[in-house]
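Take a look at the following structure, please.
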Amino acid sequence: MRIILLGAPGAGKGTVAKLLTALDGSVQISTGDILRGAVKAGTALGKEAQGFMDRGDLVPDSLIMGIMEQRLQEKDCQKGFLLDGFPRTIPQADALGVLLQKINIKLDLVASIEVPRDVILDRLTTRRTCSNSSCQEIYNIKSNPPAAGDKCKKCGSPTIQRADETVEAISKRLDVYNEKTAPLIGYYEKKGMLLKISEASSDGVVKAIQNGIARKK
Ligand code: AMP
């Protein structure tokens, strides 16, 4: 499948993407994960991106488009891809449209996962992530806590609260989402590509996306 997952930070895009990749071998492409990897590795991209990310601001469109042009043409995208956290602005969506046309790829649909703000705030402030960059398993201290000593159940590394998951940074990220990314809902609705989903569980969201793709075929 070739889809875009839209939704505020904490709407569950990453979890849904992981479930979907297991279905048909599509790859999850998370610009947030790519950028965090670059920050950790101390690359030029990471150094440029870090300040924006820690403040909860968006990284400039030009940096993101450079990453995506390359990533979408890698071999593992041939079976399909799930875009998680990209596009985040109208200029990114326009540039993606041009890029997909150039490489002759058509999207199946754009899924907008809709979750109320109070649910998101609670979800993100209680989220913990494995600090091992090749694992990055996600936990929730209320519903799915890590092992004793806040260790990852999969690889045993310490779990951490991301710098951009403090209450201040999350409020900022939600404001940025409403201002810069939410307009993409109307943008893709006008193109007839949008599927709005307000299922509470990740499995429900996955089913809605599968049904949405089947209806388009
Ligand atoms: P995420 O994990 O998707 O919430 O992304 C974490 C942070 O990475 C965001 O708050 C932004 O600073 C940055 N980021 C991720 N994807 C993008 C994007 N498509 N455009 C601009 N900044 C992004």
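The values are calculated or read from the model by the stated rules, or taken from the named source; none is laboratory data. Not measured: the values here are computed from a predicted model. We place every Cβ from the backbone using ideal geometry, glycine too, and count neighbours over all the protein chains shown. Protein only, heavy atoms only, side chains kept; ligands, DNA and RNA dropped before computing areas. Shrake-Rupley method; radii C 1.70, N 1.55, O 1.52, S 1.80 Å.
Can you tell me which residue is nearest to the ligand (Cβ to nearest atom) among those in segment 22-32 that are modelled with pLDDT of 95 or more and more than 12 Å from the chain's Cα centre (by Cα)?
Checking each candidate, the answer is 27.
Out of curiosity, is residue 35 near the ligand (Cβ under 10 Å from one of its atoms), in a loop (DSSP other than H, G, I, E, B), of a type outside the set (D, E, K, R) and buried (at least 16 other Cβ atoms within 10 Å of the Cβ)?
It is false that residue 35 is near the ligand (Cβ under 10 Å from one of its atoms), in a loop (DSSP other than H, G, I, E, B), of a type outside the set (D, E, K, R) and buried (at least 16 other Cβ atoms within 10 Å of the Cβ).
I'd like the residue in segment 160-217 that is assigned to a loop (DSSP other than H, G, I, E, B) and among the aliphatic types (A, V, I, L, M) and, out of all such residues, is farthest from residue 123 (Cα to Cα).
Here the residue is 193.
Tell me whether segment 109-128 contains one or more residues that are modelled with pLDDT of 95 or more and open to solvent by 60 Å² or more (accessible area, probe 1.4 Å).
Scanning segment 109-128 turns up at least one residue that is modelled with pLDDT of 95 or more and open to solvent by 60 Å² or more (accessible area, probe 1.4 Å).
Out of the residues in segment 41-73 that are in contact (Cβ under 8 Å) with a residue 40 or more places away in the chain and in contact with a Gly (Cβ under 9 Å, 6 or more places away or on another chain), state the one that is farthest from the ligand (Cβ to nearest atom).
57
Let me ask you something else. I'd like the residue in segment 197-217 that is touching a residue at least 40 places away in the same chain (Cβ under 8 Å) and under 16 Å from residue 107 (Cα atoms) and, out of all such residues, is most open to solvent (accessible area, probe 1.4 Å).
216
Scan segment 114-127 for residues that are within 13 Å of the ligand (Cβ to nearest atom) and not in a helix (DSSP H, G or I) and report the count.
1
Look through segment 74-94, keep the residues that are part of a loop (DSSP other than H, G, I, E, B) and open to solvent by 40 Å² or more (accessible area, probe 1.4 Å), and return whichever of them is nearest to residue 206 (Cα to Cα).
Within segment 74-94, the match that is nearest to residue 206 (Cα to Cα) is 79.
Condition check: within 13 Å of the ligand (Cβ to nearest atom), within 23 Å of residue 187 (Cβ to Cβ) and open to solvent by less than 40 Å² (accessible area, probe 1.4 Å). Does residue 97 satisfy that?
Against the criterion (within 13 Å of the ligand (Cβ to nearest atom), within 23 Å of residue 187 (Cβ to Cβ) and open to solvent by less than 40 Å² (accessible area, probe 1.4 Å)), residue 97 does not qualify.
Quick check on residue 15: is it among the β-branched types (Val, Ile, Thr) and open to solvent by 40 Å² or more (accessible area, probe 1.4 Å)?
yes
Take residue 106 and tell me if it is in contact with a Lys or Arg (Cβ under 8 Å, 6 or more places away or on another chain), outside any helix (DSSP H, G or I) and exposed (fewer than 15 other Cβ atoms within 10 Å of the Cβ).
Yes.
Same structure again: I'm checking my understanding of the structure. Among residues of segment 150-177 that are modelled with pLDDT under 95, more than 21 Å from residue 41 (Cβ to Cβ) and of a type in the set (Gly, Ala, Ser), which one is farthest from the ligand (Cβ to nearest atom)?
171
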